[in-house]
Amino acid sequence: MRAFGRRDLGWLAIFFVAIGASLAIGATRDLDWAWILELRVPRTVLALAVGAALSVAGAVLQAFFKNPLCEPYTLGVSSGATLGAVIGSTLGLNALFFGLSPSALFGAVGFSGILLAVSRSRRVSASTLLLVGVMLGFLGSSFVAVWMAIGDPMGVQSAIGWLLGDLSRAEGANAWITLAIVVAVTGALYADHRSLDALLVGEEEANAVGVDLAGLRTRAILWTSILVAVAVSLSGMIGFVGLVVPQLVRGSGSTLHRRVLPVCALAGGTVLVIADTIARSVIAPYELPVGVVTAIVGAPFFIAILLRKRGAA
Amino acid sequence: MRNRRLETVFLAAVLLAGAAESRAATPEYHVVDAVGADVHFVRTPKRIVPLQPSLAELAVRVGAPIEAIVGVSAYTDFPLELKKKPSIGSYAKPNLEAILALKPELVLAGRDGTPKEIVARLGKLGIPVVTVATETLAGLREAYRVVGAALRRSTEATAALAEFDGELAALRKRAETRTKAGNSAKVLLQVGEDPLVVAAGKTYLNEGLGVIGATNVYADPEQTYPRVSIEDVLKKDPDAIVLVGMGDDVAQFSRAEKRWKSYPKLAAARAGRIVLLRSDSLVRPGPRFPGGLVELERAVYGAKAAEGGKP
């Protein structure tokens with residue numbers, strides 16, 4: 001069975017157009033080439049990395065919880081990572097790792113662990129799990145606001161920046177390092193593509209074909225948490241990319257993870273590059289938070305899937 | 001032979017020109033700013049981008065020509081000609097691309113207002129950034145000196161600062177007269193209504209109250225702009241409530257004004273000292289601040305007492 005199709009060439013074409021647009025469009029038209037290299041290239045690379053990370057994480061979480069509405073943002077994992085990152089940055093930990101936050105990883109793993117426990121402990125329905133995730137998200141965001149308000153009365157304002165997503169901190173080598181990490185982790189998840197396929201069919205079936213479920217669970221949680229932590233510590237919370245992109249990718253060809261994971265990485269990066277280009281150019285010299293742009297497109301998409309699922313049930 | 005001489009003349013000319021040029025380039029100077037950064041200049045900056053309205057006012061006040069200000073932040077409107085300059089975004093989130101496109105030779109930043117990442121990145125990209133701390137009167141006075149030095153207009157800066165000091169001295173003198181007469185007001189400075197936010201002890205507005213001989217009912221020196229409750233304000237019972245209007249939202253302050261006036265037990269309501277004061281001079285810690293304090297003085301003590309008469 002051929003996994004990749006002609007539509008995937010379409011994704012590749014959109015990718016190149018998006019990169020071109022992102023480098024050409026900005027707050028100003030007369031910017032030297034040197035400044036474009038300095039400012040727009042890292043930003044485009046970071047958008048690619050973050051979009052890829054969120055989409056791949058979304059695709060894995062959807063397979064894992066067998067629910068198309070799962071993604072780091074709706075499940076609250078992003079929020080856990082944000083809380084971790086904010087606490088870490090007040091403790092001065094983030095400066096040591098190119099701005100990547102080890103405490104964001106703890107936050108993401110912690111919140112994923114809670115979700116996992118909830119999904120294992122009782123036979124909870126898919127929508128209950130989702131609601132638990134949404135509540136975890138609220139909880140995390142509220143703690144972020146509290147923490148920032150304690151640290152600095154004006155901190156609530158920067159908390160809002162975190163909570164709505166912002167790629168403006170993209171800088172030189174950090175952006176490339178981030179991209180490299182995301183590619184490597186996606187590769188690690190790719191090694192499990194057959195198990196993820198089996199999981200989508202059902203746990204018993206997966207067991208029957210010899211998938212080590214416990215091991216897969218640990219790896220999936222760990223790798224997706226790393227992806228989310230990387231995305232969040234450099235750009236705050238950006239929602240719905242991890243929801244919309246895997247849906248589009250699955251809808252545009254084979255649903256085997258051998259194809260879904262790499263195409264999600266490519267398409268997710270592309271989508272976030274486009275969203276960020278819009279965010280930083282429509283009301284220039286002011287910027288929209290990029291999370292606002294993704295939410296305006298993503299939230300209606302979420303509702304549409306929800307209604308279609310209800311209709312099918 | 002002839003050729004030889006020509007050559008010598010030519011060489012001498014080249015050397016002289018070189019010397020002249022190097023002399024023109026040498027007046028290299030440097031300025032240490034409010035965050036301790038040592039900023040070097042090869043020549044007087046002719047393209048200046050102030051990242052806050054108050055810094056634009058200060059630059060012009062110490063003698064920067066209007067045409068040297070090549071870009072400004074949102075709400076910069078004094079002097080009025082600056083309103084037409086290209087915008088670099090808001091003071092809280094300046095746009096790096098927009099700043100760089102203006103090819104600035106000097107960027108003026110605020111220590112507490114401008115995001116630190118922006119200052120750091122501009123510095124890394126080789127743009128001279130001078131940071132000043134205008135959140136206290138001492139810092140604002142120092143900013144005159146620093147900005148004056150960066151623009152090589154120290155004489156003008158000294159003169160402008162003397163004028164600024166003179167205006168403050170006149171205000172302090174009137175305050176002293178009032179205090180001796182036993183007229184010193186407890187004031188609430190409200191800067192936001194929804195939520196209710198006040199200026200507390202760690203602000204330049206609080207310092208301004210000191211200059212006009214009034215005290216802040218929220219004088220906690222650790223607090224800047226805390227949220228407070230209506231109940232607590234009623235308990236503190238200020239002699240005057242000044243609604244310091246910022247931005248364009250007048251409606252919320254009119255609402256606050258109406259609310260405070262509806263509590264007849266409030267001393268400020270009885271005395272008719274609930275005042276909506278929309279004054280850019282007062283809210284921008286810049287050269288017009290003493291003028292803003294004159295307005296505040298009038299709001300707190302009434303026109304007569306402000307002019308030195310009896311309350």
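Considering (1) in a loop (DSSP other than H, G, I, E, B); (2) within 12 Å of chain B (Cβ to nearest Cβ); (3) of a type in the set (Gly, Ala, Ser), the lone condition that A:ALA3 does not fulfil carries the number (2).
The rows are residues; the columns are (1) within 14 Å of chain B (Cβ to nearest Cβ); (2) among the aliphatic types (A, V, I, L, M); (3) touching a Lys or Arg at 6+ places or on another chain (Cβ under 9 Å); (4) not in a loop (DSSP other than H, G, I, E, B).
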| site | (1), (2), (3), (4) |
| --- | --- |
| A:GLY161 | yes, no, yes, yes |
| A:ALA180 | no, yes, no, yes |
| A:ALA188 | no, yes, yes, yes |
| A:LEU199 | no, yes, yes, yes |
| A:GLY210 | no, no, no, no |
| A:GLY215 | no, no, no, yes |
| A:ARG219 | no, no, no, yes |
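Could you tell me whether the range A:24-43 includes any residue that is surrounded by 24 or more Cβ atoms within 10 Å (Cβ to Cβ) and at pLDDT 85 or above? Within the range A:24-43 (the criterion being surrounded by 24 or more Cβ atoms within 10 Å (Cβ to Cβ) and at pLDDT 85 or above), the answer is yes, since at least one residue qualifies. Screening A:THR74 with (1) in a helix (DSSP H, G or I); (2) away from chain B (no Cβ under 14 Å) gives one miss only, at (1). Residue pairs whose Cβ atoms lie under 6 Å apart, sitting 6 or more positions apart in sequence or on different chains, and linking a residue in the range B:121-136 that is within 13 Å of chain A (Cβ to nearest Cβ) to a partner that is surrounded by fewer than 18 Cβ atoms within 10 Å (Cβ to Cβ), are B:GLU135/B:ASP112.
Residue by residue, here is whether (1) under 20 Å from B:LYS265 (Cβ atoms); (2) within 18 Å of the chain's Cα centre (by Cα) holds:
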site	(1), (2)
B:ALA199	no, yes
B:LEU209	no, yes
B:VAL217	yes, no
B:ASP220	no, no
B:VAL228	yes, no
B:LYS236	yes, no
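B:ALA64 - would you say it is away from chain A (no Cβ under 12 Å) and small (Gly, Ala, Ser)? It is true that B:ALA64 is away from chain A (no Cβ under 12 Å) and small (Gly, Ala, Ser). Please specify each residue of the range B:102-117 satisfying the condition of being touching a residue at least 40 places away in the same chain (Cβ under 8 Å) and buried (at least 17 other Cβ atoms within 10 Å of the Cβ). Of everything in the range B:102-117, those that are touching a residue at least 40 places away in the same chain (Cβ under 8 Å) and buried (at least 17 other Cβ atoms within 10 Å of the Cβ) turn out to be B:LEU102, B:PRO104, B:GLU105, B:LEU106, B:VAL107, B:LEU108, B:ALA109, B:GLY110, B:ARG111, B:GLY113, B:THR114.
Number of residues in the range B:188-212 that are surrounded by fewer than 22 Cβ atoms within 10 Å (Cβ to Cβ), closer than 22 Å to B:LEU234 by Cα and touching a helix residue (DSSP H, G or I) at 6+ places or on another chain (Cβ under 7 Å): the value is 3.
Filter the range B:218-238 for residues that are more than 14 Å from chain A (Cβ to nearest Cβ) and more than 20 Å from B:SER279 (Cβ to Cβ) and give the result. Walk me through how you get there before you give the answer.
In the first step, residues of the range B:218-238 are kept if they are more than 14 Å from chain A (Cβ to nearest Cβ); the result is B:219, B:229-238.
The answer is B:ALA219, B:SER229, B:ILE230, B:GLU231, B:ASP232, B:VAL233, B:LEU234, B:LYS235, B:LYS236, B:ASP237.
Is the range B:259-279 home to any residue that is out of contact with any His (no Cβ under 7 Å at 6 or more places or on another chain), under 15 Å from B:TYR204 (Cα atoms), buried (at least 16 other Cβ atoms within 10 Å of the Cβ) and of a type outside the set (A, V, I, L, M)? Scanning the range B:259-279 turns up at least one residue that is out of contact with any His (no Cβ under 7 Å at 6 or more places or on another chain), under 15 Å from B:TYR204 (Cα atoms), buried (at least 16 other Cβ atoms within 10 Å of the Cβ) and of a type outside the set (A, V, I, L, M).
Using the structure shown, decide if B:ILE69 is crowded, with 17+ Cβ neighbours inside 10 Å, more than 8 Å from chain A (Cβ to nearest Cβ) and among the β-branched types (Val, Ile, Thr).
So B:ILE69 passes the test.
Taking first residues from the range A:25-50 that are in contact (Cβ under 8 Å) with a residue 60 or more places away in the chain and within 11 Å of chain B (Cβ to nearest Cβ) and partners that are in a helix (DSSP H, G or I) and among the basic types (Lys, Arg), the Cβ contacts under 7 Å between residues at least 6 apart in sequence or on separate chains come to A:GLY26/A:ARG40; A:GLY26/A:ARG280; A:ALA27/A:ARG280.
For the range A:24-41, which residues satisfy the criterion of being closer than 15 Å to B:ALA101 by Cβ and in a helix (DSSP H, G or I)?
Correct list: A:ALA24, A:TRP33, A:ALA34, A:TRP35, A:ILE36, A:LEU37, A:GLU38, A:LEU39, A:ARG40.
For B:LEU171, the conditions (1) in contact with a Ser or Thr (Cβ under 9 Å, 6 or more places away or on another chain); (2) at pLDDT 95 or above; (3) aliphatic (A, V, I, L, M) all hold with the exception of (1). Scanning the range A:164-202 for residues that are of a type in the set (S, T, N, Q), closer than 18 Å to A:TRP223 by Cα and at pLDDT below 95 turns up A:THR178, A:SER195. Among the residues of the range B:72-101, those identified as part of a loop (DSSP other than H, G, I, E, B), surrounded by fewer than 19 Cβ atoms within 10 Å (Cβ to Cβ) and hydrophobic (A, V, I, L, M, F, W, C) are B:ALA74, B:ALA92.
Summed over the range A:225-247, the residues that are surrounded by fewer than 24 Cβ atoms within 10 Å (Cβ to Cβ) and assigned to a loop (DSSP other than H, G, I, E, B) give a count of 0.
Under 27 Å from B:LYS173 (Cα atoms) and among the aromatic types (Phe, Trp, Tyr), is that true of B:TYR225?
Criteria not met by B:TYR225.
Filtered by the rule that a residue be basic (Lys, Arg) and more than 19 Å from the chain's Cα centre (by Cα), the range B:100-121 gives B:LYS103, B:ARG121.
Across the range B:72-99, the qualifying residues are those that are more than 17 Å from the chain's Cα centre (by Cα) and among the hydrophobic types (A, V, I, L, M, F, W, C), and the one among them that is nearest to the other protein chains (Cβ to nearest Cβ) is B:ALA98.
Return yes when B:ALA133 is small (Gly, Ala, Ser), within 23 Å of B:ARG298 (Cα to Cα), touching a Lys or Arg at 6+ places or on another chain (Cβ under 9 Å) and surrounded by 15 or more Cβ atoms within 10 Å (Cβ to Cβ) and no when it is not. Criteria not met by B:ALA133.
If the requirement is being out of contact with any Pro (no Cβ under 9 Å at 6 or more places or on another chain), among the aliphatic types (A, V, I, L, M) and closer than 25 Å to A:ALA275 by Cα, which of these qualifies: A:LEU179, A:LEU199, A:LEU163? The conditions single out A:LEU179.
Which residue pairs have Cβ atoms under 6 Å apart, sit 6 or more places apart or on different chains, and have a first residue in the range A:287-306 that is of a type in the set (S, T, N, Q) and a second that is part of a helix (DSSP H, G or I)? Note: pairs meeting the criteria are A:THR294/A:VAL241; A:THR294/A:ALA275.
The values are calculated or read from the model by the stated rules, or taken from the named source; none is laboratory data. Since the model is a prediction, treat every value here as computed from it, not as a measurement. Cβ coordinates were reconstructed from backbone atoms using ideal geometry, including for glycine residues, and neighbour counts include every protein chain displayed.
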